[in-house]
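The values are calculated or read from the model by the stated rules, or taken from the named source; none is laboratory data. What you see is a predicted model, and the numbers here were worked out from it, not measured in a lab. Cβ placement follows ideal geometry from the backbone for every residue including glycine, while neighbour counts extend to all protein chains displayed.
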Amino acid sequence: MSIKTFSAIVILLTGFAIHSCTDNFQANLETDPTPVVYGIINPDDSIYSIRLSKTFVGPGNALYYSKLTDSIYYRDAHVYLEVQTLDGQLLERIEMTETEIERRDPGIFSREPNYVFQTDSSQVHLKPAWYASQGIPYDLNLKIIAEIPGTEEPVTSVTRLRSKPRITSPRSAFYKVYFYGENSFFMQWTDDNPQGYFEILVRLHYTDVFAYEEHDMTAEWVLKGIQVNQTSSPGGTLAFYSYYFRPENFYSQVRAAIEDDTTVLARVARNVDFIILSSNQEMELYRRIYEMADDYHGAGYSNITNGLGLFTTYITNGVYNLTLGEQELDSLSNGRYTGHLRFKKW
């Protein structure tokens, strides 16, 4: 899973619109640019990416400067990743490579060149399985260091590498999804990491049937509102995280995720994946603050020292290829939320 699917890229513009009755007032103040770092690292990925850019200000229209490479990128910057123990002992250090990737999506910034700093998983050990094979506890921090010519102090940030959440329900032998009845479908897991932030990615796989062909399709959405319960155990207190699926919520999410296409003759639901997204507390703070950005008049959250932005990690664990029960397929086909989408009961 790429960083694009977990959160949107940070866009930071600095502008001033000040009126004055004097003739010698400078409307655009000359200031040094501020580094902006954005990176969400999943250790299970094969490529790790960090975006390093900068704020800008200048006379005239700011949209003009957003199209200039020199306005948004630093030249000759060096970006490093370090793996450290929680007490600061250095285990690994790797320099990332500035890489031009595919064009940006259309927007205010220049679509190309599109630069990020990257390294692959063969150059630095971040995966939990590798540390398990070495007998090293996965209690580790990941640090980013960006050295920028002309600046006195490096841009840095430290975040926690997370172990996978342990799913206790549904278990691997659970193949059917039932929303109705006494034992309706729910997810539950435990987690050893402190101060976690969790979401559930639901991915519905289905087939669109047309007059002369069929297309395999995927619809997905993210669920929040995770419940937390504390349970005493011989070793201390254990936290259980859970989410209970109500049928009306599931089918309304399907309706929002799938467009009504009149050229589709029928749709067939194949299976459903439920994937836990586990991240650090800075992800929760970042998202909450930016959801309230209008109320805070542009104030935001950042965990970057000598800069702005967000640097964190996440990891996933899930149950895959579950099928819907007979009554659930009937509701998908004939229910008030999804009846118009032409799903079949088979």
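Per-residue answers, yes or no, for (1) in a loop (DSSP other than H, G, I, E, B); (2) of a type in the set (D, E, K, R); (3) within 25 Å of Asn317 (Cβ to Cβ):
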position	(1), (2), (3)
Val79	no, no, no
Gln84	no, no, yes
Pro106	yes, no, no
Pro137	yes, no, yes
Asn141	no, no, yes
Ala146	no, no, no
Val158	no, no, yes
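The residue that is surrounded by the fewest Cβ atoms within 10 Å (Cβ to Cβ), among those in the stretch 78-90 that are of a type outside the set (S, T, N, Q) and more than 30 Å from Glu112 (Cα to Cα), is Asp87.
The single condition from (1) surrounded by fewer than 17 Cβ atoms within 10 Å (Cβ to Cβ); (2) modelled with pLDDT under 55 that Arg93 fails is (2). Scanning the stretch 186-217 for residues that are more than 16 Å from Ile315 (Cα to Cα), of a type in the set (S, T, N, Q) and either out of contact with any Asp or Glu (no Cβ under 9 Å at 6 or more places or on another chain) or not assigned by TED's automatic domain parsing to the domain that holds Thr262 (or both) turns up just one, Gln188. With respect to the conditions (1) farther than 30 Å from Tyr80 by Cα; (2) surrounded by 13 or more Cβ atoms within 10 Å (Cβ to Cβ); (3) among the charged types (D, E, K, R), Asp191 lacks only one, and its number is (1).
Given the condition over 21 Å from the mean Cα position of the chain (by Cα), within 30 Å of Ser157 (Cβ to Cβ) and without any contact (Cβ under 8 Å) to a residue 60 or more places away in the chain, answer yes or no: does some residue in the stretch 252-268 qualify? Checked the stretch 252-268: no residue is over 21 Å from the mean Cα position of the chain (by Cα), within 30 Å of Ser157 (Cβ to Cβ) and without any contact (Cβ under 8 Å) to a residue 60 or more places away in the chain.
Scanning the stretch 206-230 for residues that are of a type in the set (D, E, K, R) and at pLDDT 95 or above returns Asp208, Glu213, Glu214, Asp216, Glu220. Just to be sure before I move on: is Arg288 part of a helix (DSSP H, G or I) and of a type in the set (Lys, Arg) in the structure I sent? So Arg288 fits the description; yes.
Candidates are the residues of the stretch 233-273 that are charged (D, E, K, R) and assigned to a helix (DSSP H, G or I); the one that is farthest from Thr338 (Cα to Cα) is Glu248. Could you run through the stretch 160-178 and say how many residues are part of a loop (DSSP other than H, G, I, E, B) and surrounded by fewer than 20 Cβ atoms within 10 Å (Cβ to Cβ)? The number of residues fulfilling the criteria is 7. When Asn183, Asn141 are screened for being in contact with an Asp or Glu (Cβ under 9 Å, 6 or more places away or on another chain) and either among the hydrophobic types (A, V, I, L, M, F, W, C) or more than 30 Å from Asp260 (Cβ to Cβ) (or both), only Asn141 passes.
The number of residues in the stretch 141-159 being more than 20 Å from the chain's Cα centre (by Cα), hydrophobic (A, V, I, L, M, F, W, C) and within 26 Å of Gln195 (Cβ to Cβ) comes to 3.
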